[in-house]
Amino acid sequence: MTILVTGGLGYIGSHTVVELLKNNFQVIIVDDLSNSEKFILDSIEKVAGKRPVFFPFDLKRKELLSQVFDAYQIDGCINFAAYKAVGESQEKPLDYYENNLFSLINILQEFKVRNISNFIFSSSCTVYGQADEQPIDENTPLKTPESSYGKTKQMGEEILKDFATAHQRKVSLLRYFNPIGAHPTALLGELPIGVPNNLVPYVTQTASGIREKLNIWGNDYETEDGTAVRDYIYVVDLAKAHVKALQKLIASNEDTVIDIYNLGTGKGSSVLEVVEAFETANDVKVPYQICERRAGDITIAYANADKAEKELGWKAETSLEEALRTTWEWQKYLESRNS
Ligand code: NAD
Ligand code: WQD
């Protein structure tokens with residue numbers, strides 16, 4: 001089967017393309033390189049032993065997208081392509097709504113007219129906001145996200161539910177918790193452009209001396225050590241969940257399917273625990289200072305991922321330390337490329 005992977009040169013997309021290729025799917029990537037680099041295509045080929053078809057264009061360009069659907073018999077899509085910087089989305093809300101939602105709708109229009117099913121959407125735990133109870137399961141009420149980015153994820157979910165219902169299609173909404181780590185080969189990983197916002201890239205750059213010290217945003221939360229708690233999920237485990245979710249959609253005899261899964265480890269880790277785990281895993285020091293809380297941050301979020309285990313036969317397998325070890329190997333690889 002042939003799967004369109006949008007954003008397939010990005011962080012989670014590239015790891016998922018490798019898993020799809022390993023499972024004998026044909027892959028067509030559309031990625032405009034707005035947050036990724038072309039060398040990742042070579043890395044995918046090195047890791048998977050196969051080179052996916054690649055089209056470098058913006059999914060907002062409907063006519064180019066239509067040509068891809070004309071040229072290939074596409075059986076499904078995993079839609080990673082989106083802008084994802086929470087802070088930036090507050091400054092440029094229209095860019096976020098335009099990019100994340102127009103891209104999605106353009107693909108769905110092609111799905112509609114060509115009668116294609118099997119659509120997987122990258123959603124986020126951000127749709128739950130600060131949940132009233134932990135762990136968070138799929139029935140936990142959604143809250144209005146703080147950021148325009150988060151709102152594009154909630155809206156994307158609604159668009160897909162309506163699409164699946166109106167046109168009898170199969171969709172899977174995957175709510176990722178906090179993806180971390182890199183491929184064990186150190187050939188694929190996250191490419192932070194500019195100063196990282198996310199914790200693990202910042203920790204990594206601090207350990208390597210690019211940043212002087214990590215700012216820990218608050219130690220006065222109501223958690224065991226006072227720092228905020230998240231569910232850090234290893235990116236290769238996450239990538240494998242996409243293959244399982246896709247296989248389930250394909251195998252389903254129902255016309256209409258709306259699957260929703262939390263993808264996390266089920267375990268919460270505090271910021272200080274992440275720092276310590278990074279130091280232990282890599283035998284390096286991460287200097288840090290405690291700062292004021294970051295605006296919009298929640299105290300705690302970790303998944304109940306039992307539904308994915310029961311229905312997809314998937315669960316996270318990789319420890320925090322192991323994931324952080326791969327991050328460090330990836331950082332060293334990036335530095336060797338730049339030197
Ligand atoms: P990423 O930025 O590394 O990958 C996204 C890719 O999409 C990039 O390669 C970018 O160039 C491409 N892209 C963006 N807009 C495009 C467009 N209009 N046309 C074509 N290509 C376009 O991000 P990621 O971390 O791999 O995230 C993948 C998806 O998962 C995103 O939808 C993101 O919102 C979602 N998500 C990410 C996280 C996270 O923390 N990384 C958490 C939850 C959900
Ligand atoms: C984790 C913890 C920070 C950086 C974001 C998005 C969310 C989702 C995942 C896409 C927090 C603390 C961080 C630093 C720190 N993405 N921290 N110093 O905020 O859980 O979620 O990414 O859907 O939508 O909001 O992740 O990695 O930014 O932060 O102390 O330099 O680390 O305060 O407690 P977050 P994060």
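The values are calculated or read from the model by the stated rules, or taken from the named source; none is laboratory data. From a predicted model like this one, the values you see are computed outputs, not experimental measurements. Because the Cβ atoms are built from the backbone with ideal geometry, glycine has one as well, and the counts that use them run over all protein chains shown. All accessible areas refer to the heavy atoms of the entire protein, side chains included, with ligands and DNA or RNA removed. Shrake-Rupley method; radii C 1.70, N 1.55, O 1.52, S 1.80 Å.
Among beta bridges identified by DSSP and lying wholly in the chain, the antiparallel ones come to about 5 percent. Once the C-beta distance of Glu254 and Asn139 is scaled by a Förster radius of 30 Å, the resulting FRET efficiency is 0.90 to the nearest 0.05. Comparing Cα centroids, segment 283-320 and segment 48-103 end up 27 angstrom apart.
Among Leu272, Leu320, Leu246, the largest mean-square fluctuation in a Gaussian network model of the chain (Cα springs under 10 Å) belongs to Leu272. Remark: for residue pairs Lys112/Lys161; Lys267/Lys307; Lys285/Lys332; Lys60/Lys84; Lys161/Lys244; Lys112/Lys170, the C-alpha separation exceeds 23 Å in no case.
Only the Cβ atoms of Lys and Arg (+1) and of Asp and Glu (-1) were treated as charged; on that basis the dipole of the chain about its Cα centre amounts to roughly 960 debye. Simple rule: put +1 on each Lys or Arg Cβ and -1 on each Asp or Glu Cβ in the chain, find the dipole, and look at Val203, Gly13, Phe54; the Cα lying farthest toward the positive end is Phe54. Estimated at 0.36 nm per residue, the fully extended path between Lys161 and Lys50 surpasses their Cα-Cα distance by 36.6 nm. Extension gain for the segment Lys310 to Tyr288, taken as residue separation times 0.36 nm less the Cα-Cα distance, is 3.9 nm to one decimal. Modelled this way, with points 7 Å down the Cα-to-C-beta line, the labels at Ser66 and Leu94 are 2.6 nm from one another. Under the criterion of Cα pairs below 8 Å and six or more residues apart, the relative contact order for segment 1-90 equals 39 percent. For segment 137-213, the solvent-accessible area with a 1.4 angstrom probe is 41 square angstrom per residue. Residues whose amide H comes within less than 5 Å of that of Thr140, counting only those at least five positions distant or on another chain, are absent (H built at 1.01 Å from N in the peptide plane).
Annotation for segment 190-276: GluC sites (Glu not before Pro) lying in DSSP loop with at most 15 further Cβ atoms inside 10 Å of their Cβ are Glu212, Glu222, Glu224, Glu254. Residues in segment 38-81 average 49 Å² of solvent-accessible surface per residue, probe 1.4 Å, ligands and nucleic acids excluded.
What is the sum of charges around Lys248, taking Lys and Arg as +1, Asp and Glu as -1, for the other residues whose C-beta is under 10 Å from the C-beta of Lys248? The answer is 0. Loop-located GluC sites (Glu not before Pro) in segment 92-172 (DSSP state not H, G, I, E or B) with no more than 14 neighbouring Cβ atoms inside 10 Å: Glu133.
Each Cα pair under 8 Å and six or more residues apart adds its sequence gap; the mean of these over the residue count of the chain is a relative contact order of 19 percent. Give the angle, between 0 and 90 degrees and rounded to the nearest 10, that separates the Cα long axis of helix 11-22 from the longest principal axis of the Cα atoms of the chain. With both axes taken from Cα atoms, the answer is about 50 degrees.
The listed peptides 308-319, 27-38, ordered by packing as a protection proxy, come out as 27-38, 308-319 (highest mean of other Cβ atoms within 10 Å first).
For Val171, the amide hydrogen comes within under 5 Å of the amide hydrogens of Phe119, Val257, Ile258, Asp259, counting only partners 5 or more places away or on other chains and with H modelled in the peptide plane. In this label model, Glu317 and Asp225 are separated by 2.8 nm, measuring between points 7 Å along each Cα→Cβ vector.
Averaging 1/r over every pair of different alpha carbons in the chain and inverting the result gives a Kirkwood radius of 20.3 Å.
Between the helical axis of 320-338 and the dominant principal axis of the chain, each derived from Cα atoms, what acute angle in degrees is found, rounded to the nearest 10? That works out to roughly 80 degrees.
In this label model, Phe102 and Lys38 are separated by 2.5 nm, measuring between points 7 Å along each Cα→Cβ vector. With R₀ set to 45 Å, the beta-carbon distance separating Asn115 from Asn198 gives a calculated FRET efficiency near 0.70.
Result for the chain in a Gaussian network model with C-alpha springs under 10 Å: among Asp220, Asp259, Asp75, the largest mean-square fluctuation is at Asp220. Under a 5 Å amide H cut-off, with hydrogens placed 1.01 Å from N, Val53 pairs with Val27, Ile29 among residues at least 5 apart or on other chains.
Angle, helix 148-167 long axis vs. longest principal axis of the chain, Cα atoms, 0 to 90°, nearest 10? Approximately 30 degrees, to the nearest ten. Rolling a 1.4 Å probe over the protein heavy atoms of the chain, with every protein chain left in place, gives an accessible area that is 46 percent carbon and sulfur.
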